[in-house]
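Notes for the one structure printed next.
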Amino acid sequence: MSSPIARLEYSAASELLTGAIGSSRFRVVASSGGSRGHKTSVSAKAAGKYLHAQASSLTSHLATTKTIEKDGKYLQRGGTLPPGHYICDYHAKHAAFGECIQLRQTSDALAIHSPFSPFPIPHGRSGFFIHGSGPKGSDGCIVPANEVERLRLNKAVRDFPGKVFLLVTHVSYMLPAELGGQLA
């Protein structure tokens, strides 16, 4: 007997996480990338340190934008979560995020498969989660706006007897030629 499958979808364009896990239905506003999803109560110094101003930039909305740090300082925040399928794994006590959901990339989430490119576009990005709001915000992780809904999602993933898949859709990116042969 095969184990059950649950499906979620995250639309990067509408910043909406939807789907069902067992009998639980979800329709959650959530941010991804560019420091979006940060706590609004942080100091101006922290906002500058974590480049909160990049949240409204074009590159913060692109799946091909990598996080760039030098000497422990952010130079560029990572863009939105790359498109494709992810397997959702519940973690009770992650070192950085506490209770969260790890998003394990499947093969179609390792590169962007564009109708405008004859080959997959590698983005070289990984290490994504669904986690709560914090001072930094997101470098591609999904950060639900409503903490109660995030915790309800955590419980649904934790208690589901099968696999939970997340499909990330409606993602913007730059083609390698637009990037001068380099990924952002």
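The values are calculated or read from the model by the stated rules, or taken from the named source; none is laboratory data. If you're wondering where the values come from, they're calculated on a predicted model, not measured in any experiment. Cβ atoms come from the backbone with ideal geometry, glycine included; neighbour counts cover every protein chain shown.
Inside the stretch 68-184, counting only strands (runs of 3 or more DSSP E) that do not spill past its ends, which hold 2 or more residues that are at pLDDT below 95 and surrounded by fewer than 20 Cβ atoms within 10 Å (Cβ to Cβ)?
Passing ranges, in order: 68-70, 73-76.
Conditions: (1) among the small types (G, A, S); (2) touching a residue at least 24 places away in the same chain (Cβ under 8 Å); (3) more than 18 Å from S32 (Cα to Cα). A55 meets all but one. Number of the miss?
Just one mismatch for A55, condition (3).
Would you mention how many residues in the stretch 10-43 are in contact (Cβ under 8 Å) with a residue 40 or more places away in the chain, outside any loop (DSSP other than H, G, I, E, B) and closer than 24 Å to R77 by Cβ?
9
Here are Y10, Y50: which of them is out of contact with any helix residue (DSSP H, G or I) (no Cβ under 6 Å at 6 or more places or on another chain), more than 14 Å from L81 (Cβ to Cβ) and hydroxyl-bearing (S, T, Y)?
Unique residue meeting the criteria: Y50.
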